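Shown next, in structure tokens, is the structure this report addresses.
The values are calculated or read from the model by the stated rules, or taken from the named source; none is laboratory data. All values reported here derive from a predicted model rather than from experimental measurement. Every residue, glycine among them, receives a Cβ derived from its backbone with ideal geometry; neighbour counts consider all protein chains shown. Areas reflect the complete protein model, heavy atoms only, side chains present, ligands, DNA and RNA absent. Shrake-Rupley method; radii C 1.70, N 1.55, O 1.52, S 1.80 Å.
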Amino acid sequence: MSIYNETIKVTVNTLKQMKQNGQKIAMVTCYDYSSAKILDSTSIDAVLVGDSAANVMAGYETTLPITLDEMIIYAASVVRGCKRAMVVVDMPFGTYQGDAREASKNAVEIMKRTGAQAVKIEGGKEIEESYKAILATGIPIMAHLGLTPQSINKFGGYGLRAKEDAEAEILLQNALLAEKLGCFSVVLEKIPTQLAEKVTQSLQIPTIGIGAGNVCDGQVLVFQDVLGINEGFKPKFLRKYSNIAEQIRTAINNYSKDVKSGDFPNAQEQY
Ligand code: KIV
């Protein structure tokens with residue numbers, strides 16, 4: 001087992017420095033304390049408490065139903081487990097898009113009640129005022145462009161975004177705007193690699209890709225997907241590093257068998 005030795009807390013500055021040094025940033029999602037503790041003992045740089053919790057933790061079809069309070073419970077648990085890795089929290093659907101004052105109030109609520117280091121929000125120019133209001137409170141923002149799952153009903157599906165020149169140009173302009181406003185990083189989800197490369201080269205701040213090729217400054221994947229817990233999800237961009245679902249099934253079947261046969265607990269396992 002490899003335990004990452006670095007004990008210094010990862011911050012926005014670490015990630016910016018990593019881009020300057022040409023070091024890739026590794027990020028993964030997490031939603032609970034026990035997993036966060038394990039992640040914190042690896043070489044992962046940052047942990048995202050994604051609103052993908054709506055899918056993988058709560059079983060919803062989309063990310064839209066998850067609430068601010070639910071995200072705060074997940075995020076506070078993750079923060080308690082991460083002494084070293086940076087923790088970024090997704091602001092859920094409806095908490096930052098409409099009204100900039102509401103957006104900053106909700107971002108402050110997340111930071112106060114979780115102890116996280118930054119928030120992530122989906123969108124560009126159309127939510128410029130929310131970006132400004134949140135950044136004005138001193139809260140760092142990771143912007144999210146390309147396939148933004150909170151807009152799924154506008155897109156009508158989870159397909160590749162920005163294939164056409166017009167959408168690609170808007171995405172590039174939104175990434176430049178995010179940097180100009182003061183965001184510390186930009187997630188690029190499910191866009192052509194060539195566009196991700198252009199965006200990455202145009203920005204001083206790091207890009208974190210998911211389905212955006214190896215040209216980004218870092219990568220992010222969902223915990224349950226990387227580990228093979230979310231068995232049915234098999235997009236082209238995903239590499240599975242384990243088959244935990246099968247291991248859980250084997251272990252729990254063995255436990256169940258031992259309980260039913262009377263083998264567990266044995267003499268050494270009782271008082
Ligand atoms: O919610 C999430 O997990 C995300 C990542 C996939 C980028 O936004």
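Helical runs assigned H by DSSP (4 residues or longer) give the chain a calculated mean residue ellipticity at 222 nm of -12500 deg cm²/dmol, each run adding -39500 (n - 2.57) before division by the residue total.
The phi-based Karplus calculation (6.51 cos²θ - 1.76 cosθ + 1.60; θ = phi - 60°) puts the 3J(HN,Hα) values of the stretch 253-268 at 5, 5, 4, 4, 4, 5, 5, 5, 7, x, 6, 10, x, 8, 4, 7 Hz, whole numbers, x for Gly and Pro. Think of each Lys and Arg Cβ as +1 and each Asp and Glu Cβ as -1; about the Cα centre, that makes the dipole of the chain roughly 500 debye.
With the alpha-carbon atoms of the stretch 172-271 aligned to their principal axes, the span from lowest to highest coordinate is 66, 30, 15 Å, starting with the largest. Along its three principal directions, the equivalent ellipsoid of the stretch 103-185 from the Cα gyration tensor extends over semi-axes of 25, 15, 10 Å, largest first.
The three principal axes of the Cα atoms in the stretch 125-240 give end-to-end lengths of 41, 32, 29 Å, sorted in falling order. Dimensions of the chain based on its C-alpha atoms, expressed as ranges along the principal axes with the largest first, amount to 67, 38, 37 Å. Quick one: with all protein chains in place, what share of the accessible area of the stretch 150-271 is carbon or sulfur, to the nearest percent (1.4 Å probe)? Solvent-exposed carbon and sulfur of the stretch 150-271 make up 52 percent of the total. The H on the amide N of residue 185, modeled in the peptide plane, is under 5 Å from the matching H of 143, each at least 5 residues off or on a different chain. Distant-in-sequence amide contacts of residue 147, defined by a placed amide H-H separation under 5 Å and a gap of 5 or more residues or a different chain, comprise 161, 189, 190.
Backbone geometry of the stretch 52-69 corresponds, through the Karplus equation with coefficients 6.51, -1.76 and 1.60 at θ = phi - 60°, to 3J(HN,Hα) couplings of 4, 3, 4, 7, 7, 9, 9, x, 6, 5, 10, 8, 5, x, 5, 9, 4, 4 Hz, x marking Gly and Pro. Averaged over its residues, the chain has an accessible area of 51 Å² per residue, based on protein heavy atoms and a 1.4 Å probe.
Globularity index of the stretch 1-104 is 1.16 (Cα radius of gyration / 2.2 N^0.38 Å, N = number of residues). Derived scalar couplings between HN and Hα for the stretch 238-251 equal 8, 10, 8, 9, 6, 10, 5, 4, 5, 5, 5, 4, 4, 4 Hz in order, rounded to whole Hz, by the Karplus curve 6.51 cos²θ - 1.76 cosθ + 1.60 (θ = phi - 60°), x for Gly and Pro. Residues whose amide H lies under 5 Å from that of residue 120, counting only those 5 or more places away or on a different chain, are 89, 90, 91, 142; hydrogens are built 1.01 Å from N in the peptide plane. Would you tally the net charge around residue 168, using a Cβ to Cβ cut-off of less than 11 Å, leaving residue 168 out, and scoring K and R as +1, D and E as -1? Neighbour charge sum, excluding residue 168 itself: -1.
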